[in-house]
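Colleague: Okay, here's the structure, questions in a sec.
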Amino acid sequence: MNRSGISRIAVLVGLLIVAAVVVAVVALMRIDVTGQKGSGLGSEFDYDLEQMGRIDPELILYQESAESISTGFERARAIAVGPGDKVYVAGDKAIRVFERAGVLAGEILLADAPTCLTIDTDGNIYAGVADHVEVHGDSVGKNATTWPGLGEKTVLTSIAVVGNDIYVADAGNRVVIRYNATGKLVNRIGQKDRQRGIDGFVVPSPNFDLAVADDGLLRVVNPGWHRIEAYTPEGDLEFWWGKFSMKIDGFCGCCNPTNFAMLADGSFITSEKGLTRVKIYDPQGKFVGVVAGPQRLLGHGDSSVCKTVAECQQSSFDVAVDSAGRILVLDTLRNEVRVFVRKKANS
């Protein structure tokens, strides 16, 4: 190739480089670093979290009643109601027992932080502590037994007791473990099994709750699928309810509901994080109304969502129900138990 040919190629390459630089500069100039131009997504992706946090007053069926119970914990984690409507709260490295009126009646000191608990009909306390379950025979920690550990990945988030069966939710391994009364592992529930029609639990955060209904079926939150599933003790999936929706009757965010409890009539009290709210559904999973919305729970006036990363992480409020149908909400931001009662028909 002669020199003139080489020169033409060099000029062409130079022009291409200049053009590329110009395109890059124009692209950079068009980048919206302030966010004022929006996401660029279609209108179907536009929603207002502030607006979502505003709830029609007609849907709010409960009101906050009486004074809250101060737990005295720096980090309250779980709540349960036992015989005589005593309130049990797990937090820091202890379990505290309160009379219905909020008077401290007992305390169990633990070697590690408890993450969940439940109370059986005899008053025995079952607590998830680190990677294992501990059983305490009374409210001062005597007659305690420790079950075998489940390994490093274990994150225990919920316990339910019915008869001789003890069900434990392990968010770390995304499975429910069924024990007998002596702490022997019977079987695992919820592992992905296409032949049995089980998709498996999707648990993006350590929020993975369960309870046993009066029909004998285990109810387990599948938070990533935004639903509550029903299983037999042997692990067969019978049915489920719940849906992802930005509307009040559904569950939004990455992984909701986070917690739930059941009323005597089989209705569900559900709790959600992020857009913090507590709602009620009938036994078939049909939306009934709201216990408390974010304005009441977070106390931000017109604000509808948690304000900081720490607040969002801790705005997963556990819930429990006592024999009178009162809704007990464990406010993990204030470390208090807040009490909600059904409004009167004419209020």
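No value in this document is a laboratory result; all are computed from the given coordinates. This is a predicted model, so every value here is computed, not measured. Glycine also receives a Cβ, built like all others from the backbone with ideal geometry; neighbour counts cover every protein chain displayed.
Colleague: How much FRET efficiency would the formula 1/(1 + (r/R0)^6) give for residue 105 and residue 243, where r is the Cβ-Cβ distance and R0 is 35 Å, rounded to 0.05?
Modeller: 0.25
Colleague: Using the 10 angstrom Cβ neighbour count as an exposure proxy, how do 69, 198 rank, fewest first?
Modeller: In order of increasing Cβ crowding within 10 Å: 198, 69.
Colleague: Can you give me the long-range amide H partners of residue 198? Hydrogens built in the peptide plane at 1.01 Å from N, cutoff under 5 Å, separation of 5 or more residues or another chain.
Modeller: Amide H neighbours of residue 198, under 5 Å, 5+ apart: 193.
Colleague: So, counting K/R as plus one and D/E as minus one, what does the shell of residues with Cβ under 10 Å around residue 162 add up to?
Modeller: With Lys, Arg at +1 and Asp, Glu at -1, the neighbours total -3.
Colleague: Related question: When you have a sec, figure out the Kirkwood radius of the range 94-214 from all distinct Cα pair distances and drop it here in Å to one decimal?
Modeller: By the Kirkwood definition, the hydrodynamic radius is 15.2 Å.
Colleague: Reachable aspartates and glutamates from residue 153, Cα under 15 Å, same-chain residues fewer than 8 places away excluded?
Modeller: Within reach: 131, 170.
Colleague: Let me ask something else. Karplus couplings for the range 227-232 from phi (6.51 cos²θ - 1.76 cosθ + 1.60, θ = phi - 60°), rounded to Hz, Gly and Pro as x?
Modeller: 8, 10, 10, 10, 10, 6
Colleague: Setting aside same-chain residues fewer than 8 positions from residue 247, which lysines have a Cα under 16 Å from its Cα?
Modeller: Within the straight-line cut-off, residue 247 pairs with 273, 279, 286.
Colleague: Which lysines, if any, have their Cα less than 27 Å from the Cα of residue 142, not counting same-chain residues under 8 positions apart?
Modeller: Counting by Cα, and skipping residues close in sequence, residue 142 has these lysines nearby: 86, 93, 184.
Colleague: Based on the mean of other beta carbon atoms within 10 Å per residue, what is the order of 108-119, 230-241, most packed first?
Modeller: With the highest mean Cβ count within 10 Å placed first, the list reads 108-119, 230-241.
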